[in-house]
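Everything below concerns the one structure shown next.
The values are calculated or read from the model by the stated rules, or taken from the named source; none is laboratory data. Because the structure is a prediction, the values reported are computed rather than measured. Neighbour counts run over all protein chains shown; Cβ positions are idealised from the backbone, glycine included.
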Amino acid sequence: MSVSYYNFLPEVRVLMELPGDIIIHDTTLREGEQAAGVVYRPEDKLYIAKLLDEVGIQQIEAGFPAASRGEREALKMIVMEGLNAKIFGFARAVKSDIDAVADVGAYGVVMSFPPSDIQLKYKLKISREEYYDRAIELVEYAKSRGLYITFSAEDSTRADFNFMVKVFNGIIESGCDRVRIVDTLGCIHPTAMKFLIKSIRGSLKKKVPIEVHCHNDHGLAVANTLAAVEAGAEVLSTSILGLGERCGLAPTEEVIVALKNLYGLGSFKTEKLYKLCREVERITKLTLPPHKPVVGINAFAHASGIHQHAILENPICYEPYPPEMVGQARRIVIGKLSGRHAIKAKLAELGIEATDEEVLKITDLVKSVSEERKSPLSDEEFMNLVRAVKENSVNQLTSRSP
């Protein structure tokens, strides 16, 4: 691994209030199914839950049991599997939803109840006073059902701060175990997120863990999640591949790798991330962009001859962390920008010997073919070019013989 040493300077670390440890509360199985076009079968959910558990994800938000019979069946299957991860169910601020979570045997409930005035006026159509009283009542009810309670304050980055703090202090006094700050519209920036988390931590009369759930509408979900960590947030709600409503969430795999490499946090089995992400891709029938960080097919692909030469000398020249760390493999792309060093390396990889003259001819031919058709060459296509050069060399040698 070779990341910036500035990350770990005392002058930088003192600016942060990093938690002692981090909990990933993965919501691939709940929020992830809100991504347009994604539908899981119960057996899909169970399989993904097992893979999440293998990575070391501590908490899994496995679904919304009040939504359907299939959801209830899936949560029961996951609960009965006896995973190391604690299993949570999602609920609206409705007693029947809370009952559905408790009835499937989940460890905890994620109770979603938006405190912003926009949501109060246009969605819930209730006053702040009514909201507060209902929040207290439902937290007490969920506690009576024996559930660990995460109060998910939907749209909290647009909520009035003083009112939200009043609600948080009230529900914590009534038994709420954790509060979740939700950037539902992905509309906050990292500096503001850091300020918000720090301010909330300083305003809680009784200290409980703070969780963040960041949407990606402005492409800042990972940045906002990490900003929250720097302000002391201990629990991160993320999803594999960033699956979720609209533009999705902070991707679990990207957050985990950033925590490990840039902050020295977390003890997850990162080498299992590639398989997990590819299986989620297969099940959801979504196609990953090739340049997707961590698990995209181009994440460790090197096309420039300058980069290829340096990578062959020492990968830290152009890789911040080794592909093996996340279950990937390095790939040298043979094409228009490849130089002699990359061609020699590819020949060695394929077990082919070649003279310096042949290497030069192969290099020129690769560049010409790749540029003409505007794409790199597969191994099979590369082999065909090598054969053509070698056969031509043999023919030339034969024609010069007496």
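Can you go through SER370, SER393 and tell me which one is in contact with a Pro (Cβ under 7 Å, 6 or more places away or on another chain), part of a helix (DSSP H, G or I) and modelled with pLDDT under 95?
Details: SER393 fails: in contact with a Pro (Cβ under 7 Å, 6 or more places away or on another chain).
The conditions single out SER370.
Among GLY266, GLY296, which is touching a Leu at 6+ places or on another chain (Cβ under 8 Å), surrounded by 17 or more Cβ atoms within 10 Å (Cβ to Cβ) and outside any helix (DSSP H, G or I)?
On the way: GLY296 fails: surrounded by 17 or more Cβ atoms within 10 Å (Cβ to Cβ).
Exactly one of GLY266, GLY296 is touching a Leu at 6+ places or on another chain (Cβ under 8 Å), surrounded by 17 or more Cβ atoms within 10 Å (Cβ to Cβ) and outside any helix (DSSP H, G or I), namely GLY266.
Does region 95-132 hold any residues that are of a type in the set (Val, Ile, Thr) and either farther than 14 Å from PHE151 by Cβ or surrounded by fewer than 16 Cβ atoms within 10 Å (Cβ to Cβ) (or both), and which are they? Please lay out each step first, then the result.
Pass one, region 95-132, residues of a type in the set (Val, Ile, Thr): 98, 101, 104, 109-110, 118, 126.
VAL104, ILE118, ILE126, listed by residue number.
Restricting to region 40-69, name every residue that is surrounded by fewer than 24 Cβ atoms within 10 Å (Cβ to Cβ) and either in a loop (DSSP other than H, G, I, E, B) or in contact with a Pro (Cβ under 9 Å, 6 or more places away or on another chain) (or both).
Listed by number, the residues that qualify are TYR40, ARG41, GLY56, GLN58, ALA66, ALA67, SER68.
Looking for whichever is farther than 29 Å from ILE87 by Cβ and surrounded by 18 or more Cβ atoms within 10 Å (Cβ to Cβ) here; the options are LYS205, LYS194. Which one fits? It would help to see each step written out before you state the result.
On the way: LYS205 fails: surrounded by 18 or more Cβ atoms within 10 Å (Cβ to Cβ).
None of the others qualify; the one that does is LYS194.
Against the conditions (1) in contact with a helix residue (DSSP H, G or I) (Cβ under 7 Å, 6 or more places away or on another chain); (2) touching a residue at least 60 places away in the same chain (Cβ under 8 Å); (3) over 30 Å from LEU9 (Cβ atoms); (4) surrounded by fewer than 21 Cβ atoms within 10 Å (Cβ to Cβ), where does HIS309 fall short? Just the number, please.
Unmet condition: (2).
Regarding ALA233, is this residue in contact (Cβ under 8 Å) with a residue 60 or more places away in the chain, crowded, with 24+ Cβ neighbours inside 10 Å and over 16 Å from GLY32 (Cβ atoms)? Walk me through it before giving the result.
Details: in contact (Cβ under 8 Å) with a residue 60 or more places away in the chain: yes; crowded, with 24+ Cβ neighbours inside 10 Å: yes; over 16 Å from GLY32 (Cβ atoms): yes.
Against the criterion (in contact (Cβ under 8 Å) with a residue 60 or more places away in the chain, crowded, with 24+ Cβ neighbours inside 10 Å and over 16 Å from GLY32 (Cβ atoms)), ALA233 qualifies.
Among the helices (runs of 4 or more DSSP H) contained in region 147-259, which hold 1 or more residues that are more than 26 Å from THR287 (Cβ to Cβ) and either out of contact with any helix residue (DSSP H, G or I) (no Cβ under 6 Å at 6 or more places or on another chain) or in the same structural domain as ALA62 (by TED's automatic domain parsing) (or both)?
Working: elements: 161-173, 190-203, 221-230, 252-258.
Hits in region 147-259: 161-173, 190-203, 221-230.
Name the residues in region 319-341 that are part of a loop (DSSP other than H, G, I, E, B) and over 19 Å from ARG373 (Cβ atoms), would you? Please lay out each step first, then the result.
At the first step, the residues of region 319-341 found to be part of a loop (DSSP other than H, G, I, E, B) are 319-322, 327-330, 333-339.
Across region 319-341, the qualifying residues are GLU319, PRO320, TYR321, PRO322, GLY327, GLN328, ALA329, ARG330, GLY339.
Kindly indicate whether any position in region 271-288 is of a type in the set (Ser, Thr, Tyr), assigned to a loop (DSSP other than H, G, I, E, B) and more than 20 Å from VAL212 (Cβ to Cβ). Walk me through how you get there before you give the answer.
Filtering region 271-288 for residues of a type in the set (Ser, Thr, Tyr) gives 274, 284, 287.
Then drop every residue that is not assigned to a loop (DSSP other than H, G, I, E, B), which leaves 287.
Next cut, more than 20 Å from VAL212 (Cβ to Cβ) only: 287.
Yes, because at least one residue in region 271-288 is of a type in the set (Ser, Thr, Tyr), assigned to a loop (DSSP other than H, G, I, E, B) and more than 20 Å from VAL212 (Cβ to Cβ).
Of all residues being at pLDDT 95 or above and among the hydroxyl-bearing types (Ser, Thr, Tyr) in region 270-324, which is nearest to LEU243 (Cα to Cα)? Just the residue, please.
Step by step, filter region 270-324, then rank; the result is THR284.
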